[in-house]
Amino acid sequence: MVGWTVARFELLPPRFSMPADSYEVTQVTVKSPRLQKVGGKGGIAGEFFVPAYQRGYRWGGHEVEALLSDIYADGSRAPTDNYCLQPVVVKRRAGEGAYELIDGQQRLTTLYLIYRYLNTEVGVESGHRFSLMYETRPASQEYLRSLDAERRNDNIDFYHMHEAYECIRGWFAETAARLVTPSKLVAFKVLDYLENLVYVIWYEPENIDATTLFIRLNVGRIPLTNAELVKALLLSKDLDAHNFQRRVEIGSQWDAIEQDLQQPEFWAFLSNSDGADYQTRIELLFNLMAKRRPDEKDRFFTFLHFKNALDGRAKVNSSSVWATIVQCYQVLREWFEDRDLYHKLGYLITTGTSLRQLLDLSELEKTKSAFGRAVDQLIIRSVGLSPAGVMELNYETGSRKCENVLLLFNVETVRRLKHSTERYPFHAHKTEKWSLEHIHAQNAELLTTAEEWRHWLIDGKGALEKVRFDEQTVESERKNVISEVEKALSSQLTESRFTRLSRRVTALLSPEGDDDSIHGIANLALLSRSINSSLGNRAFAVKRLRVVDHDRKGAFIPICTRQVFLKYYVDAGSEQMHLWSRDDRQSYLEALISKDRGVGQYLVGAQ
């Protein structure tokens, strides 16, 4: 759809009184929006006056072709496949069927040119019933009728009108050739769609000077949202002067819901979006009720859903529609308040389950306990692994699965905390980009600069100074390595010298003989990319100190990652605080797949 816009709409404060079929646009009274068919019976009709304060026609080939392509849709529109163009704003003038065209000149002029092409070039009788006239450019009105090629360069208006007309001619020829269909058939289909399926959203302001409104509409050009359109519908349908109190009630509820949805914790529970794509977050509820798909291209899909519901044969009234929206909000709020559901549904939404799917599931399951069991089954299907499958997860072959399982491990660990009100912070989680941290360093040799080598050796030396080994030969090697590192740091450091020393440091601080499992999930933890990059390819003891430092400074460290580096998963008597040993990995893996501490209850065959 061509990207033209109109002003945003505000609900009047309760102290203002106005007719029930209107609302305010930046303090301008506007009748409730209605769908206006473009052509055919009941289509756009009358004389549209373009005032002096507006520029002339300026659409180019891109806009003209986009409009035609949107209307035609390759001739595949079904009889019920209505299509809505962007808004047109007009103000009535004295005389029958006379309007001042405040916003939409470019669109209506292009539609006029399309109709003229159908009439004169193809011989298709369009029967369109509107015309345009210009306050200071009367010759433009005459040129629209003649489109004399020899006069196209007489002024800039003529030029753009002629170019648009030639673009229309070219579009019909190219479309017919591309689809291998007669051009007249394309023309008949375009006319059929214009007369039966294509609409504009029609507004008529009152009580304001047209020039003032034009300026307000065009300064900033803020796109109209579905939520604002739906709001106008709800406040105009079935709510006459006797129901003013009901209007005030809807307005108050609307504001309360919107304020609640602006809370970071609640919004992050419901959505993986940061909210920037929702100027009004209550639109999320409207999209849910309209069952709008993420890939829906029609900008006004949600508005049209509610418009059709309120105008359709079922004659649904606005109060019942609003009650359904409030009920949807209350369900979502109840899920958020329930600690178990908050964690389980929060995990599902974060990993890609749609909110609409969860609402559909809740409608199928009539009791809370049945819904809870269905949610557990949904998590089992989303994980899709047996205990053995989890143990075989590998960074190189299944990093996404590793991330999701570790996220579930963290979420479940927080959920199971007894006598605690702590909740997994999805709002903090979704502000970060996440990665898999190798708990035991992969390879210090990936470092490439002298400065990186020096920092790595300083950290390694610090870790070795905190360690003591019972075995005499190992302890002697520790002292020798510290001495060698000190010498290296006091002189010019070469790559070969760093490589030799880093291998000796890593050998002292690493579990023995476990190179094959470096990428297994038992050696992985969830960490934000920013913190992960600050850890680099350092030994466990060094990473441990840095993670603790980040945690102390208030960075978000997932609970299981924190517990890994605090050696939470091994016996309290363990003195290997500097190592991530084979025993550590085994204990970590056992906790991960256990039913009472990890994700075991969601693994296939473990029930």
task = Would you check which residues across the stretch 281-303 are surrounded by 14 or more Cβ atoms within 10 Å (Cβ to Cβ) and either modelled with pLDDT under 85 or aromatic (Phe, Trp, Tyr) (or both) and list them?
result = PHE286, ASP298, ARG299, PHE300, PHE301, PHE303
note = Selection from the stretch 252-297 of residues of a type in the set (Val, Ile, Thr) and in contact with a Ser or Thr (Cβ under 8 Å, 6 or more places away or on another chain) yields THR280
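Could we say that ALA388 is without any contact (Cβ under 8 Å) to a residue 60 or more places away in the chain and not in a loop (DSSP other than H, G, I, E, B) here? Working first, answer last.
Working: without any contact (Cβ under 8 Å) to a residue 60 or more places away in the chain: yes; not in a loop (DSSP other than H, G, I, E, B): yes.
Judged against the criteria, ALA388 is a match.
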remark   = Going through the stretch 391-411 in order, the residues found to be part of a helix (DSSP H, G or I), surrounded by 15 or more Cβ atoms within 10 Å (Cβ to Cβ) and touching a His at 6+ places or on another chain (Cβ under 7 Å) are TYR395, VAL411
request  = Kindly list the number of the only condition in (1) within 18 Å of LEU68 (Cα to Cα); (2) crowded, with 18+ Cβ neighbours inside 10 Å that fails for LEU179.
outcome  = (2)
task = Please tell me if ARG552 is of a type in the set (Lys, Arg), more than 17 Å from VAL383 (Cβ to Cβ) and modelled with pLDDT of 90 or more.
result = yes
query = Which fully enclosed strands (runs of 3 or more DSSP E) of the stretch 29-148 have 3 or more residues being under 26 Å from GLU296 (Cα atoms)?
reply = 34-37, 83-92
key: Options SER420, SER435; residue that is within 24 Å of ILE518 (Cα to Cα) and either at pLDDT below 95 or touching a strand residue (DSSP E or B) at 6+ places or on another chain (Cβ under 7 Å) (or both)   = SER435
key: Subset tally (residues that are surrounded by fewer than 18 Cβ atoms within 10 Å (Cβ to Cβ), under 36 Å from the mean Cα position of the chain (by Cα) and at pLDDT 90 or above) for the stretch 40-61   = 2
key: Whichever residue in the stretch 438-464 is under 30 Å from THR350 (Cα atoms) and at pLDDT 80 or above and, among such residues, is nearest to the chain's Cα centre (by Cα)   = HIS438
query = Looking at this structure, is THR473 in a helix (DSSP H, G or I), β-branched (Val, Ile, Thr), free of Cβ contacts under 8 Å to residues at least 24 places away in the same chain and surrounded by fewer than 21 Cβ atoms within 10 Å (Cβ to Cβ)?
reply = yes
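The values are calculated or read from the model by the stated rules, or taken from the named source; none is laboratory data. Given the structure is predicted, the values throughout are model-derived calculations rather than measurements. Note that we place each Cβ from the backbone using ideal geometry, even for glycine, and neighbour counts take in every protein chain shown.
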